[in-house]
Amino acid sequence: MIASIKNIKTNPNNPRIIKDDKFKKLVQSIKDFPDMLEKRPLVCYTDVDKKYVVLGGNMRLKAALELGLKELPIILADDWTAEQRKEFLIKDNVGFGEWDWDSLANSWEAEQLTEWGLDVWQAPVDADYSLLDDNDDLDKQLDEMSNGVKKAIQIELEPDHYEEAYALVKFWREQNAYVGKMILDFLKSEKNKI
């Protein structure tokens, strides 16, 4: 069924939100591939005002409004109980599965996946493996190389925090500060509060 977007409203009880960066990606994905909406209609129920309240697809509705779309395909769930509607709000948004990162890496380009809205891995840094060519005393060489060399850990950031974090790390490095120690001290102090 096709409904006028004027007659569709977001669910006030929707527990999901979408951040600016991901919202922009959703808007762009609908703009690039509008036929997707036909194959994945909004799931709605009719309220007492004869408006369609979204159970599944609140973010797609928000993106469609942003794009100025006039109509959207919907499926009605008027035969569901109030309890079933509440259950659907959660179950429709739960990610039961996980990504098979090896399959993604081997079958798709990272840039394409990012463009489609999936947060993916960073491209590997080119490494110099020439040391491995002559491995007579590789263990000794590796031990010597690691003396005084700092090690790194990965810290995950939301996309909208990355630029700020990068700028802060850059600033503190320019001050000759040991950023790793600063983070470690902060994490320890927070742990002690628990």
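The values are calculated or read from the model by the stated rules, or taken from the named source; none is laboratory data. Source: prediction; values computed, not measured. Every residue, glycine among them, receives a Cβ derived from its backbone with ideal geometry; neighbour counts consider all protein chains shown.
Quick check on Met145: is it over 30 Å from Phe23 (Cα atoms) and modelled with pLDDT of 80 or more? No.
Residues to consider are Glu87, Glu71; find the one that is outside the structural domain of Pro159 (by TED's automatic domain parsing), surrounded by 13 or more Cβ atoms within 10 Å (Cβ to Cβ) and free of Cβ contacts under 8 Å to residues at least 24 places away in the same chain. Criteria check complete, one pass: Glu87.
Is there a residue in segment 100-112 that is modelled with pLDDT under 90 and touching a helix residue (DSSP H, G or I) at 6+ places or on another chain (Cβ under 8 Å)? Taking every residue of segment 100-112 in turn, at least one turns out to be modelled with pLDDT under 90 and touching a helix residue (DSSP H, G or I) at 6+ places or on another chain (Cβ under 8 Å). The helices (runs of 4 or more DSSP H) found entirely in segment 57-112 that carry 3 or more residues being touching a strand residue (DSSP E or B) at 6+ places or on another chain (Cβ under 7 Å) are 58-67, 82-91.
If the condition is being assigned to a helix (DSSP H, G or I), under 22 Å from Glu115 (Cα atoms) and in contact (Cβ under 8 Å) with a residue 40 or more places away in the chain, then segment 1-34 contributes Asp20, Asp21, Lys22, Phe23, Lys25, Leu26, Val27, Gln28, Ser29. The sole residue among Lys62, Lys50 that is within 27 Å of Leu157 (Cβ to Cβ), outside the structural domain of Tyr162 (by TED's automatic domain parsing) and modelled with pLDDT of 85 or more is Lys62. Applying the condition of being part of a helix (DSSP H, G or I), at pLDDT below 85 and not aromatic (Phe, Trp, Tyr) to segment 151-164 and asking which residue is nearest to Asp119 (Cα to Cα) yields Pro159.
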